[in-house]
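What follows is calculated from the coordinates using simple rules that are stated; it is not laboratory data. Not measured: the values here are computed from a predicted model. Neighbour counts run over all protein chains shown; Cβ positions are idealised from the backbone, glycine included.
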Amino acid sequence: MAAETVPTPLVGRVEELAALADLLGVEGGGANAHGAVVLGGDAGAGKSRLVAELSTRVAGKGWRVLAGHCLDFGDSSPPYL
């Protein structure tokens, strides 16, 4: 029997999470909802954690979440892998 894992709470990104949810129309599919959001930022800024939290929240609402990543090829990397 596998041990139950307790999710780590999201700390300090409540406003950013709300902004992403609003852009996507998570609550009620607002008139300004977009079909996709590109999230960028410096390494270690918490992008993956923010996306993971949003993905968990919308998965329960029947949403399909697609996430892209770039391969590291030194000085250049192809976008949207």
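Remarks
- 13 Å beta-carbon shell around Glu27, net charge (K/R +1, D/E -1): +1
- Stretch gain in nm, segment Val14-Lys47, where the contour uses 0.36 nm per residue and the Cα spacing is subtracted: 10.6 nm
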